[in-house]
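I have placed the structure first, in the form of structure tokens, so that the comments after it can refer back to it.
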Amino acid sequence: MEVTRTMPLNRHTMALSAKSVDAVKGRAGVKTDTVLRIEHLSKNFGSHIVLRDIDFSVRSGEVVCIIGASGSGKSTMLRCINHLETPTSGEITYEGKAVGGVHFDLSQYRAKVGMVFQSFNLFNNMTVLQNCMAGPVHVLHKKKAEAKQDALFYLKKVGMAPYINARPSQLSGGQKQRVAIARALAMHPKMLLFDEPTSALDPQMVGEVLAVMRQLAKEGMTMVVVTHEMQFAREVSNRTVFMCDGVIAESGTPEQIFEHPQNPKTQQFLSRFQAS
């Protein structure tokens with residue numbers, strides 16, 4: 001059963017047997033090589049400091065869930081990784097190469113490090129199929145026939161093949177988000193960033209999106225997920241990061257964070273999700 005953010009968590013819903021944890025292939029398939037590294041990252045908007053001296057890394061095949069209250073800097077960090085926001089200071093490296101700079105190929109980088117937004121960001125004047133073909137054709141310079149074949153494959157993968165000729169305005173929120181995931185996958189990324197992918201969805205639509213993300217984790221996709229879905233983070237992530245006031249306050253395995261949090265702020269945050 002999928003657990004949405006509206007369901008209170010208690011020791012029964014939070015408990016997860018070692019057998020079921022090991023069954024998540026994404027957790028078993030983590031490699032030792034670091035693909036993304038952030039060092040001393042800070043981000044200011046005017047005089048407002050949003051991120052403070054962040055150090056963070058992701059290994060190949062790892063699923064990292066970032067949790068924390070709204071305004072803690074989670075989404076800003078993701079946007080800095082994708083370079084939708086330019087860091088004020090610090091360094092981001094991907095596969096050993098610095099991200100950013102005059103000669104940096106941002107389009108190719110974003111093809112490798114895809115992003116799924118909470119607001120979908122689909123092109124409303126295009127069909128579902130056209131949305132998924134646009135990036136491969138215009139960024140990767142694939143032939144339309146090849147791009148179409150890839151798009152159809154990934155739309156089928158997320159259960160959206162019957163809607164290839166629909167416009168985004170004709171879809172539910174959950175369907176739009178699944179199309180957005182298929183669009184990202186069509187670029188053949190090595191890593192996916194998810195910025196609260198279920199926060200704009202009605203509760204009944206959350207499960208269908210999380211099911212797709214669970215499957216990606218099982219297949220070994222490297223993922224960084226900003227989420228309020230505590231049960232998803234508990235069950236699927238290899239590592240859970242708690243952010244507060246623009247810093248990483250605590251980081252560890254989901255078992256460590258959810259069962260034995262050390263930081264009082266982590267404890268206070270998680271207490272909101274416990275059954276009263």
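Each value in this text was obtained by applying a stated rule to the coordinates, not by laboratory testing. Here the structure is a predicted model, which means the values were calculated and not measured. Backbone-built Cβ (ideal geometry, glycine too); neighbour counts: all protein chains shown.
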Task: Under 20 Å from Lys265, Cα to Cα: aspartates and glutamates that are on another chain or at least 8 residues apart - done: Asp53, Asp55, Glu229, Asp245, Glu250, Glu255
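Grab the Cα-Cα distance for Arg272 and Glu219, subtract it from 0.36 nm times how many residues apart they are, and report the gain in nm with one decimal.
Values: separation 53, 0.36 × 53 = 19.08 nm, distance 3.19 nm.
Fully extending the segment from Arg272 to Glu219 adds 15.9 nm.
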Open item on the list: Among Gln268, Met77, Gly220, whose Cα projects farthest towards the positive end of the dipole of the chain, with charges put on the beta-carbon of Lys, Arg (+1) and Asp, Glu (-1)?
Closed with: Gly220
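Nearest-5 percent of antiparallel DSSP beta bridges in the chain?
Values: 20 of 38 bridges.
For the chain, the DSSP antiparallel bridge percentage is about 55.
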TODO: Between Glu259 and Thr88, with labels modelled 7 Å along Cα→Cβ, what's the label distance in nm to one decimal, could you check?
DONE: 3.9
Open item on the list: Relative contact order of the chain, please, whole-number percent, based on alpha carbon pairs below 8 angstrom and at least 6 residues apart.
Closed with: 29
- [ ] Please give the FRET efficiency for Arg59 paired with Ala166, using the beta carbon to beta carbon distance and R0 = 35 Å, rounded to the nearest 0.05.
- [x] 0.40
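Go ahead and estimate [θ] at 222 nm for the chain from helices alone: -39,500 (n - 2.57) per DSSP H run with n ≥ 4, summed, over the residue count, rounded to 500.
Working: 12 runs with 103 residues, N = 276.
Taken over the chain, the calculation gives -10500 deg cm²/dmol.
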- [ ] Hey, can you grab everything whose amide H is under 5 Å from the amide H of Glu62? Only 5+ residues off in sequence or another chain; H modelled, so Pro and N-termini drop out.
- [x] Lys31, Met223
TODO: With a/c under 1.5 counting as rounded, go ahead and sort the stretch 58-155 into rounded, prolate or oblate using the C-alpha gyration tensor (a ≥ b ≥ c being the square roots of the eigenvalues; past the cut-off, prolate if a/b is larger than b/c, else oblate).
DONE: prolate
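Extension gain Ser47-Phe104, at 0.36 nm per residue separation less the Cα-Cα distance, in nm? Can you show the working numbers first?
Working: separation 57, 0.36 × 57 = 20.52 nm, distance 2.82 nm.
The span from Ser47 to Phe104 would gain 17.7 nm if fully extended.
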Open item on the list: Suppose R0 equals 41 Å. What FRET efficiency, 1/(1 + (r/R0)^6) with r the Cβ-Cβ distance, do His40 and Glu146 give to the nearest 0.05?
Closed with: 0.50
Task: Cross-link partners of Lys156 among aspartates and glutamates (Cα-Cα below 18 Å; sequence separation of 8 or more within a chain) - done: Glu146, Glu208, Glu219
- [ ] Please give the peptides 46-57, 131-142 ranked by average Cβ packing (other Cβ atoms within 10 Å per residue), highest first, as a rough proxy for protection.
- [x] 131-142, 46-57
TODO: Any chance you could check the Cα centroid distance between the stretch 202-254 and the stretch 25-102 for me, in angstrom?
DONE: 15
Open item on the list: Tell me whether the chain comes out rounded, prolate or oblate; compute the Cα gyration tensor, take square roots of the eigenvalues as a ≥ b ≥ c, and use a/c under 1.5 as the rounded threshold.
Closed with: oblate
Task: Charged-residue dipole, Cβ positions (Lys, Arg, Asp, Glu), the stretch 34-275 about Cα centre, Debye nearest 20 - done: 860
